[in-house]
Amino acid sequence: EAGVAQSPRYKIIEKRQSVAFWCNPISGHATLYWYQQILGQGPKLLIQFQNNGVVDDSQLPKDRFSAERLKGVDSTLKIQPAKLEDSAVYLCASSLIHNEQFFGPGTRLTVL
Amino acid sequence: AQSVAQPEDQVNVAEGNPLTVKCTYSVSGNPYLFWYVQYPNRGLQFLLKYITGDNLVKGSYGFEAEFNKSQTSFHLKKPSALVSDSALYFCAVASGGYNKLIFGAGTRLAVHP
């Protein structure tokens, strides 16, 4: 069974530029999560989708971050404009409803 | 508010010796507890979980964890460490369900030959 796919794996941008990350969850997983993992810290949930609806986006900085999961399968996370403090690894995870989460390899973002 | 503490930034152990990685939590309601492992440039891999039932849970790669309600702890253990166990380990908790996970800061495990 294929795991969670993410692209790109690495991205370097200048501050104030925009960037987008893509995630394809495990087939059949209704729930999709985006996490931000800053160096030296544990992952922090940004947003959780169930199918194409948002369950929790309380920690998403909505002035610059947006995410969508239009068809209830793959998802994109966008940052516009990026700040230096957005440098982190962005992890996507998916799960069956009421089950443990499986993580993708992450996208390492560097903002210069 | 939910929280997870991993009091050790790093744990060093000799190959073949038992290992323990500590985790304590604070949550309202029944805790759902998880351990994940992260290898360099890889995503987190699920190791094991405690939802209910037996306080000792067994997981992947010979790891186990003991849930202690009175001490609000969920320490990760392995009877005999391998060099290949060297990685970053995260404890996580959710309150009463599988939804929002709160992760600890992680503990780096170094197993020396």
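Any read-out appearing in this document is the output of simple, stated calculations on the displayed coordinates, not a laboratory observation. If you're wondering where the values come from, they're calculated on a predicted model, not measured in any experiment. All Cβ positions, even for glycine, are placed from backbone atoms using ideal geometry, and neighbour counts span all protein chains on display.
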Using θ = phi - 60° and the Karplus curve 6.51 cos²θ - 1.76 cosθ + 1.60, what whole-Hz ³J(HN,Hα) does each residue of the range B:88-93 get, with Gly and Pro shown as x? 9, 10, 10, 9, 9, 9
HN-Hα J couplings of the range A:96-112 from phi, Karplus 6.51/-1.76/1.60, θ = phi - 60°, integer Hz, Gly and Pro as x? 5, 4, 6, 8, 5, 8, 10, 9, x, x, x, 10, 8, 9, 10, 10, 9
Whole-Å distance linking the alpha carbon centroid of the range A:85-108 with that of the range B:1-75 is 19 Å
Given contacts defined as C-alpha pairs under 8 Å and at least six residues apart, what's the relative contact order of chain B, whole-number percent? 38 percent
Calculate one ³J(HN,Hα) per residue across the range A:2-11 by plugging θ = phi - 60° into the Karplus curve 6.51 cos²θ - 1.76 cosθ + 1.60, and present them in order as whole Hz with x for glycine and proline. 5, x, 6, 9, 9, 8, x, 7, 9, 8
In chain B, if the dipole is taken from +1 on Lys/Arg beta carbons and -1 on Asp/Glu beta carbons about the Cα centre, which of B:VAL93, B:SER70, B:GLN38 is farthest to the positive end? B:VAL93
Report, by chain and number, residues whose modeled amide H sits under 5 Å from the one on B:PHE67, excluding near sequence neighbours (fewer than 5 apart, same chain). B:LEU56, B:VAL57
Relative contact order of chain A, pairs being alpha-carbon contacts under 8 Å that are 6 or more residues apart, as %: 37 percent
